[in-house]
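Computed from the coordinates by the stated procedures, all read-outs in this text should not be read as laboratory data. This is a predicted model, so every value here is computed, not measured. Note that we place each Cβ from the backbone using ideal geometry, even for glycine, and neighbour counts take in every protein chain shown.
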Amino acid sequence: MSDDLVLLLHLAGIVVLLVISAYFAGSETALTAASRARMHQLETHGLERAGIVNRLREQKERLIGALLLGNTLVNILASSLATSLLVSLLGAPAVPVATLVMTVLILVFAEVLPKTYAISHADRAALSVAPSVRGVVRLLGPVVRLVNWLVRGPTRTGSGWPIMSTSCAAPSSCIAAARPRWRRSGRCCARSSTSATSMSPRS
């Protein structure tokens, strides 16, 4: 394989990975920013894609986890390809150059531009990407569940305070669940304060 062909394959791979990264970033923004009322209205009128959007938003933790996982994987792979390409052309000093170049490319073309478009056209973008994102969530679902289990494991054995998670139906329910602990803590503090006051010497 000639050097020119290798160079072209590396460049094509980087471009494709940046496009995929932009897809993940824009999809995340569109699906979270789309109008909930509009999606429910379209679903009641029989639009299948609107129903897919609503189902994805009902499992938001898996949705965000799958998109972040996919985005992270393609960004790392694109950076690795860019570093390999520039090192073969410029040698060891190309590593910081590759880091700088890929940071700019990812920030502008794979983050800012797709997210700006997705915010400006949230409903349309969400309907467009919903079927493919559903496939991504199904594909990466087992890995996302494993990551969530690893992340939540240490937090369960930490302090006795309740963990605020996205599984709560509403923030008020999480606060209500935590209130008995706060009250018990408050009573203990109050008793300690009363005991300390009674034991202090009177002038």
Between VAL15 and VAL143, what FRET efficiency follows from the Cβ-Cβ distance if R0 is 25 Å, with the result rounded to 0.05? 0.45
For the stretch 18-111, compute the orientation-averaged projected area of the C-alpha convex hull (one quarter of its surface), in nm². 6.6 nm²
Once the principal axes of the Cα atoms of the stretch 47-100 are found, what is the range along each, listed largest first in whole angstroms? 53, 21, 13
By counting other Cβ atoms within 10 Å of each Cβ, how are THR72, THR83 ranked from fewest to most? THR72, THR83
What ranking do 9-20, 29-40 get when scored by the average of other Cβ atoms within 10 Å per residue, highest first? 29-40, 9-20
For ILE20, what is the net charge nearby, where nearby means another residue's Cβ is under 14 Å from its Cβ and Lys, Arg count +1, Asp, Glu -1? -2
